[in-house]
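Working notes, structure below.
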Amino acid sequence: MKIGKWFKYLGEQKTALSIFQSIQSTEELDIRASTLHHLGFYAKQRKEYDVALKCWLEVMLEGNEREKKKLLSNVVKFTSIN
């Protein structure tokens, strides 16, 4: 996960996205929720709002309270638009 963030910071968006996508199916719920959180923001940047919302709703269903609080405003905003 930290490697993906590092590549994102360096501007290597495709590499970062690939890393996040490869770890999104992990069994570890905290890592999965955080990864889906980042994938949602990547989708939002690419104007793929339906993908972003899907990722964020998954976090809301299975993420920890910290992840849920970070995403609540985005999920509400997108569900009210759609």
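So here's what we get for this one:
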{"read-out": "Residue within the range 5-14 that is hydrophobic (A, V, I, L, M, F, W, C) and part of a loop (DSSP other than H, G, I, E, B) present", "value": "yes"}
{"read-out": "Enumeration of residues in the range 24-41 that are in a helix (DSSP H, G or I) and surrounded by fewer than 19 Cβ atoms within 10 Å (Cβ to Cβ)", "value": "29, 30, 31, 41"}
{"read-out": "Selection count where residues are under 21 Å from residue 8 (Cβ atoms), among the basic types (Lys, Arg) and at pLDDT below 85, scope the range 40-82", "value": "2"}
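The values are calculated or read from the model by the stated rules, or taken from the named source; none is laboratory data. Just so it is clear, the structure is predicted and the values come from calculations on it, not from any experiment. Cβ sites come from the backbone with ideal geometry, for glycine too, and all protein chains shown count toward neighbours.
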